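Every read-out reported here was derived from the displayed coordinates using simple, explicitly stated rules and does not represent laboratory data. If you're wondering where the values come from, they're calculated on a predicted model, not measured in any experiment. FYI the Cβ positions are ideal-geometry reconstructions off the backbone, even for glycines, and counts take in every protein chain you see.
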Amino acid sequence: MYIIFRYLAKQIIISMFAVSGILLLIFMSGRFIKYLAQAASGGISADVLFILMGYRMPGFLELILPLGLFIGILLAYGRMYLESEMTILFACGVSENRLLVLTMGASLIVAVLVGAMSLVVSPWGMQNVEQIFRDQSKMTEFEMLAPGRFQALKSGQRVTYTEALSADKKELREVFISEKTKDGKSIILTTAKTGTQYVDPKTGSRFLVLHNGKRFQGMPGEPQFKVIEFESYGLKIAEPPAENKKRKDEAIDTIDLWESSNPKYSALLQWRISLPLLVPIVTLLAVPLSRVNPRQGRFFHLFPAMLIYISYLGLLIVARNAIGKEKIPVWVGVWWVHGLYFLLAMLLLFKGNIQRRWRAKNA
């Protein structure tokens, strides 16, 4: 029996990893593009992009793995039905109930993994993401510069370009700065061979000191421009605004959610518990849904199965939102959704037995 379990687990895990890998790539690509746009606009440093994605990965996996397992069982068992492997297993004494028990053994490993991510790893990852964004928000315009790119920085009034930047980010080379005057009636263009950062020891204010350059002031299209040549010229670097962002719910520790009486936090706690609970229930659903008639084709059963999964996840989201808005009591919670789909799974599993008893009773 161990050999059969190992074979079934291998078929399921291979299919699950293939599906999960594709879904993870799709989800993370969208998030990476968003962070990349922030880095291009000077909102965050390009150095932290892959660190952010690493911390966000558990949050994606906790949603992807249950779906990957569900589709993995459908694909693996569907192939085995089509190629008569299931027929051989049943002929060798492996009953449908035994097949279900063996499949549940593999799915419980996934459930433990999803539970660890949902309850512990994902909140920890979001806390680190928020800390990175807080650190990035404290960085000055000088520290956010990237060589070879025009950047409209946080102040929104200044566009800066530097051809090269020293490794320690203390010296700029071939600097170009464009900014509007306070009254907005003219534009100031400044060029310089080099630029360095200076911190006033008394006030702590930061300045960009430009060396060997020119300063032009005027309106585009007008013939008159003021031109000033300088050896050294200082520009005050805008200090990052003090931010006091509210902590995201996803970053709250599970223990804090457990101790809170806030319905919104109770809804989030039940959601985190629901994700690992989702795994065994979708396994119970997938085993009967994977039964395939060879004349129907390998993928015929995927569409109705996906509709069931989407409705299951959708109802969980609706129930979570309803708890947060106090439309559903906390004690009712999302558990009725799990109960509903557990009953559906039992109906699908024992549909044949129910039909045979019904025919025998009415014979």
* Structure fact -> Computed over the chain: longest principal axis from alpha-carbon atoms vs helix 122-137 long axis, angle to nearest 10 degrees, is 10 degrees
* Structure fact -> Per-residue ellipticity at 222 nm attributable to helices in the chain (runs of n ≥ 4 DSSP H, -39500 (n - 2.57) apiece, nearest 500 deg cm²/dmol) works out to -19000 deg cm²/dmol
* Asked: Which one is right for this structure if percent of Cα pairs over 29 Å apart is calculated from it: (1) 59; (2) 51; (3) 37?
  -> (1)
* Asked: Going through the stretch 36-143, which trypsin sites (Lys or Arg not before Pro) have at most 16 other Cβ atoms within 10 Å and a DSSP loop state?
  -> K138
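If you stretched the chain out fully between W331 and A116, how much longer would it get, using 0.36 nm times the residue separation minus the C-alpha to C-alpha distance? Intermediate results must be reported in sequence, preceding the final value.
Details: separation 215, 0.36 × 215 = 77.40 nm, distance 2.37 nm.
This chain segment gains 75.0 nm when fully extended.
Say the cut-off is 27 Å between C-alpha atoms; which of K170/K202; K10/K34; K34/K193; K34/K182 go over it? Intermediate values should be presented prior to the final figure.
Values: K170/K202 20 Å; K10/K34 36 Å; K34/K193 34 Å; K34/K182 32 Å.
Checking Cα-Cα distances, K10/K34; K34/K193; K34/K182 exceed 27 Å.
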* Against the longest alpha carbon principal axis of the chain, how many degrees, from 0 to 90 and to the nearest 10, is the axis of helix 2-40 turned? -> 20 degrees
* To do: Please determine, in degrees from 0 to 90 and to the nearest 10, the orientation of helix 351-362 with respect to the longest principal axis defined by the Cα atoms of the chain, where the helix direction is its Cα long axis.
  => 30 degrees
* Rank I26, Q11, Q136 by how far each Cα sits towards the positive end of the charge dipole of the stretch 1-151 (+1 on Lys, Arg Cβ; -1 on Asp, Glu Cβ) and give me just the farthest. => Q11
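Suppose a student asked you for the relative contact order of the chain, using Cα pairs under 8 Å spaced at least 6 residues apart; what percent would you report? Numbers along the way, then the final one.
On the way: 518 pairs, mean separation 62.3, N = 363.
RCO, the chain: 17 percent.
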